[in-house]
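The values are calculated or read from the model by the stated rules, or taken from the named source; none is laboratory data. Computed from a prediction, not measured in an experiment: that's the story for all the values here. In this analysis, Cβ positions are derived from the backbone assuming ideal geometry, glycine residues included, and neighbour counts consider all displayed protein chains. SASA here: full protein model, heavy atoms, side chains in, ligands and nucleic acids out. Shrake-Rupley method; radii C 1.70, N 1.55, O 1.52, S 1.80 Å.
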Amino acid sequence: MFDDLIKPNIKAMKAYTIEAPPCSIRLDANESPYGFPLGRFSIPTNRYPDPEALSLRKILAAKWGVKPECILHGNGSDELIYYLLIAVGGPVLIPTPTFAMYRIIADSLSERTHMVPLDGQFDLDTKAMLAAIKEHNPKLIFLSRPNNPTGNSFTRERAIEIIEHAGGLVVLDEAYQQFATQGVSNPRRKGDSFIELLPRYRNLLVMRTLSKIGLAALRLGFAIGDKSLIEAINKVRLPYNVSSLSQTAAIEILRDEASIDRSIQSIVTERGRLFAELSRLNGIEAYHSEANFILFKLKADNRLTADDLHKRLIANDILIKKLSGGGQNNPLDNCFRVTVGMPTENTAFITSIRKIIEETHK
Ligand code: PMP
């Protein structure tokens, strides 16, 4: 009966469902395995939250070396992608494979998305991207760097070339930036974040989230960019989009920067171990990662099917993300994304997958 009411573009969409079999080892959602304890704090439950989230934005502004007016807060960076698509709109240009929400949100707002495949190393195909910029004149380009789900960081110079040639806005989504090697080797340095390039490129916007560093429950994402651009996008923000609980908890947790840095270090160290162990397995190709997860593929000579491996890991109480192949020639065919967990979880995963592969090849 609602068929006539729902817009055709929404009817054509598939709901984004999150598969969650009840496994105790959850390495499927790029969350941090480390949460932070919260003390007791009092919140006036009868009052709306600070609509501007000013105290929180001030703390992050100091951390990122920008002015608070250059930061916009979102209920997760997902919400900011939504706001960008409302305020700026399409056409949208994305290299693929990449984070699914850019396309999903563009579709839901009837904005056109153009997709350009990444090259054989999952890096930006600059020539194809520049050709697409010329042809479609996109108002928004999303670059996830490091990229989800491939895990690599696009070559800095290639991303810069795109920013320099784009007539519209280029969004550098740095959801996983803290795990990139350059950032972690010296946490005081901004690593190779594009935040430092903001003064040079007015059409650059950087997105950050606190979800990957242990605060996913709070839903906090941020856009950092030119003050007048931030003011324009802020017009479409819902007034009380970030709850008082989230604001207060984040302020408390961010005080303990050392603990956050330690958890990031541990994930980066474990990523190295997980990569080495996965690479040693028969019939598996693991891809280099600068994020808190690793992409790996079942090679063609593997007798195990992707469905089988997924099911058998679930039977062993371990959940990882099976990527949808979409058929042959799709670069994600037979691919999985495993989030780096705690050392014990990673060991359980490696032990389990090794056993499954050995049994199949007996
Ligand atoms: N960008 C990328 C590249 C992501 O992978 C994710 C989360 N999967 C997000 C943004 C959304 O993060 P948030 O939790 O802040 O909405």
Quiz item: Restricting attention to region 92-115, does a residue exist that is within 12 Å of the ligand (Cβ to nearest atom), open to solvent by less than 20 Å² (accessible area, probe 1.4 Å), touching a residue at least 60 places away in the same chain (Cβ under 8 Å) and closer than 23 Å to R200 by Cα?
Solution: no
Practice problem: Quick one: in region 156-198, of everything that is of a type in the set (V, I, T) and at pLDDT 95 or above, which residue is nearest to A128 (Cα to Cα)? | Solution: I162
Quiz item: What pairs come up if the first residue lies in region 220-234 and is farther than 13 Å from Y83 by Cα, the second is within 16 Å of the ligand (Cβ to nearest atom) and basic (K, R), and their beta carbons are under 8 Å apart, counting only those six or more places apart or on different chains?
Solution: I224/R208
Quiz item: Restricted to region 202-228, and to residues that are closer than 22 Å to I160 by Cα and surrounded by fewer than 21 Cβ atoms within 10 Å (Cβ to Cβ), which residue is farthest from the ligand (Cβ to nearest atom)?
Solution: S228
Quiz item: Restricting attention to region 130-180, which residues are open to solvent by 10 Å² or more (accessible area, probe 1.4 Å), β-branched (V, I, T) and assigned to a helix (DSSP H, G or I)?
Solution: I133, I160
Practice problem: Please verify whether region 277-288 includes one or more residues that are open to solvent by 40 Å² or more (accessible area, probe 1.4 Å), at positive phi and touching a strand residue (DSSP E or B) at 6+ places or on another chain (Cβ under 8 Å). | Solution: no
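Touching a Lys or Arg at 6+ places or on another chain (Cβ under 6 Å), assigned to a loop (DSSP other than H, G, I, E, B) and at negative phi - does that describe any residue in region 108-129?
Checked region 108-129: at least one residue is touching a Lys or Arg at 6+ places or on another chain (Cβ under 6 Å), assigned to a loop (DSSP other than H, G, I, E, B) and at negative phi.
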Quiz item: Quick one: would you say I105 is at pLDDT 95 or above and either among the small types (G, A, S) or closer than 18 Å to F154 by Cβ (or both)?
Solution: no
Self-check item: Selected residue [closer than 19 Å to A53 by Cβ and not assigned by TED's automatic domain parsing to the domain that holds R337] from L204, L172, L198, L210
Solution: L210
Exercise. Give region 264-276 a look and list any residue that's touching a residue at least 24 places away in the same chain (Cβ under 8 Å) and either at positive phi or surrounded by fewer than 18 Cβ atoms within 10 Å (Cβ to Cβ) (or both), or say none.
Key: Q265, S266, R273
Self-check item: Number of the condition not met by L72 [criteria: (1) within 16 Å of the ligand (Cβ to nearest atom); (2) open to solvent by 20 Å² or more (accessible area, probe 1.4 Å)]
Solution: (2)
Quiz item: Which residues, counting only those in region 126-165, are in contact with a Pro (Cβ under 9 Å, 6 or more places away or on another chain), more than 16 Å from the ligand (Cβ to nearest atom) and touching a residue at least 40 places away in the same chain (Cβ under 8 Å)?
Solution: H136, N137, P138, K139
Quiz item: Here are some residues: A249, A258, A291. Which one is assigned to a helix (DSSP H, G or I), open to solvent by less than 50 Å² (accessible area, probe 1.4 Å) and small (G, A, S)?
Solution: A249
Quiz item: Any chance region 3-14 includes a residue that's part of a helix (DSSP H, G or I), under 22 Å from the mean Cα position of the chain (by Cα) and surrounded by 12 or more Cβ atoms within 10 Å (Cβ to Cβ)?
Solution: no
Practice problem: Show the residue pairs that are 6+ apart or on different chains and have beta-carbon atoms under 8 Å apart, the first residue being within region 20-45 and in contact (Cβ under 8 Å) with a residue 24 or more places away in the chain, the second being basic (K, R) and open to solvent by less than 50 Å² (accessible area, probe 1.4 Å). | Solution: D28/R337; N30/K212; N30/R337; E31/K212; S32/K212
Practice problem: Within region 33-66, count every residue that is in contact with a helix residue (DSSP H, G or I) (Cβ under 6 Å, 6 or more places away or on another chain) and outside any helix (DSSP H, G or I). | Solution: 7
